[in-house]
Ligand SMILES: *Cc1c(COP(=O)(O)O)cnc(C)c1O
């Protein structure tokens, strides 16, 4: 199965209109993915919610689409919450995450309304409690647990040393019970349940099955031995997408159904009063519906490589430099020609590590050719920087044959705006 991409003539038109580098999202594909989640992540015995992990890509346009499609949000900072609020999201739709929320961020969220805070540690819980008491405002609280299951791409492991910076180790029963007691003793806070998140780009759904077993074992024990009822369970995100032809993630439908059926089985067998199950997909909502268009510039050959340089790079997509992420690209200008050459696609930033694709299969490529990189929709724009004073690229949403600009190109003046001297 080959990777899909928008109509090449439309892409050429967009590059002409907005210039490159340019990010293009297929809005219809995003909506279809959101629907695949909301339609398949459903149960007859408990409620469900799909939370879009907004750190993957956030602007008011994507937030608006997510709301129209019935999604809720996971946010990890005051800045993300601010953008979601600007897009019209109420606090009830937002789950506020993060391992070191500042007092200012927590206060602002209380002022926005009655939402959910996922507390990461006991210090943070005490901070949330003191803010709740002084503002006299309600908040639902989930506790983030570290289930000792860690998963990335093909590997998932039950870690013996639970030393991640996120969450309370699931072994620490006494500490967790004492946190539940702190929440229940505060008149403004409601204990809602537990959260866990085991990793990213998880290609094996068995990893989620392991997470579910561990979490329900714990929830069952809390219920049977300590009389603590869990209303909400949030299993986090991490669902994989296709970056290259070799990636073969399970479908959204099959992962959702497997999670639902495993959880239904646990709830029924253990006779638990679970009210709501949640997941938090980020990458898989926007990743493979987003593309970056670049213009090829100069070329260079060394003894072992043929370089093609592009007019962007690690400033708009740091993932290859940060963790050797792999991508697939195509030459839109020569879309009909066989990709019979191997090039190294390198950016224009002053770092030897600024290589987007080490071995890109392309037809013979010339300066001025339009290149499309697939599946850049998640953690590309949101991790973009102004390194070398490159402005962030504009973002266009396409919808069939029409399109609209949702984020304009960042200009030199935009970058000077912070300079107060
Ligand atoms: C990053 C993150 C997500 C989303 O992860 P994806 O791999 O993009 O699906 C969800 N929940 C939490 C707590 C996260 O940190």
antiparallel share of DSSP beta bridges within region 74-191, to nearest 5, in %, is 25 percent
Residue 175 label point, 7 Å along Cα→Cβ, cut-off 11 Å on backbone N: hits in region 98-133? 121-123
Across region 110-149, how large is the tail of the calculated P(r) beyond 15 Å, expressed as a percent of all Cα pairs? 42 percent
At 222 nm, what helix-only mean residue ellipticity would the chain give, in deg cm²/dmol to the nearest 500, using -39500 (n - 2.57) for each DSSP H run of four or more? -9500 deg cm²/dmol
Diffusion coefficient, µm² s⁻¹, Stokes-Einstein with Kirkwood Rh over alpha-carbon pairs of region 160-201 at 10 °C and 1.306 mPa s: 131 µm²/s
Which whole-number percent gives the relative contact order of region 316-359, counting Cα pairs below 8 Å spaced six or more residues apart? 43 percent
Mean shadow area (nm²) of the C-alpha convex hull around region 226-326 is 10.4 nm²
Go ahead and run the numbers for FRET between residue 409 and residue 9, Cβ-Cβ distance against an R0 of 30 Å, rounding to 0.05. 0.85
Could you give P(r) for region 38-129, binned at 5 Å from zero, as whole percent values over all Cα-Cα pairs? 3, 14, 26, 22, 17, 11, 7, 1
Rounded to whole Å, √(5λ) for the Cα gyration tensor eigenvalues of region 51-191, largest first, gives 25, 22, 11
Among 69, 266, 306, the residue with the largest mean-square fluctuation in a Gaussian network model of the chain built from Cα contacts under 10 Å is 306
Can you order the peptides 323-329, 117-123 by their average number of other Cβ atoms within 10 Å per residue, highest first? 117-123, 323-329
Fewest Cβ neighbours within 10 Å first, please rank 73, 191 accordingly. 191, 73
Please give the length that would be gained between residue 122 and residue 108 if that part of the chain were fully extended, namely 0.36 nm times their separation in residues minus their C-alpha to C-alpha distance (nm, one decimal). 3.0 nm
Give me 254, 200 ranked fewest to most by other Cβ atoms within 10 Å of their Cβ, as a rough exposure proxy. 254, 200
Run through every distinct alpha carbon pair of region 126-270 and return the Kirkwood hydrodynamic radius in angstroms, one decimal place. 16.5 Å
Debye intensity ratio I(q)/I(0), log10, the chain, q values 0.07, 0.10, 0.14 Å⁻¹ (C-alpha model): -0.37, -0.73, -1.26
Can you tell me which of 228-237, 181-190, 366-375, 386-395 comes out highest on packing, and rank the rest after it, using the mean Cβ neighbours within 10 Å? 228-237, 366-375, 386-395, 181-190
Stretchable slack from residue 342 to residue 42, in nm (0.36 nm times residue separation minus alpha-carbon distance): 103.5 nm
Percent antiparallel among DSSP beta bridges confined to the chain, rounded to 5, stands at 40 percent
Ranked by Cβ crowding within 10 angstrom, fewest neighbours first, how are 334, 35 ordered? 35, 334
Tell me the Kirkwood hydrodynamic radius of region 1-67 in angstroms, computed as one over the mean inverse distance between distinct C-alpha pairs. 14.6 Å
Over the chain, relative contact order from alpha-carbon pairs under 8 Å, at least 6 apart, %: 19 percent
At 20 °C in a medium of viscosity 1.002 mPa s, region 345-421 has a Stokes-Einstein diffusion coefficient, with Rh taken as the Kirkwood radius over alpha carbon pairs, in µm² per second, of 140 µm²/s
Taking the Cα-to-Cβ direction at residue 28 and at residue 86 and moving 7 Å from each Cα, how far apart do the two end points lie in nm? 3.0 nm
If I take the Cα coordinates of region 341-388 and project them onto the principal axes, what are the three extents in Å, biggest first? 31, 24, 20
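Coordinate-derived values only; no laboratory data. Quantities reported herein were computed from a predicted structural model and do not represent experimental measurements. Heads up, the Cβs are rebuilt from the backbone with ideal geometry, glycines too, and the neighbour counts pull from every protein chain shown.
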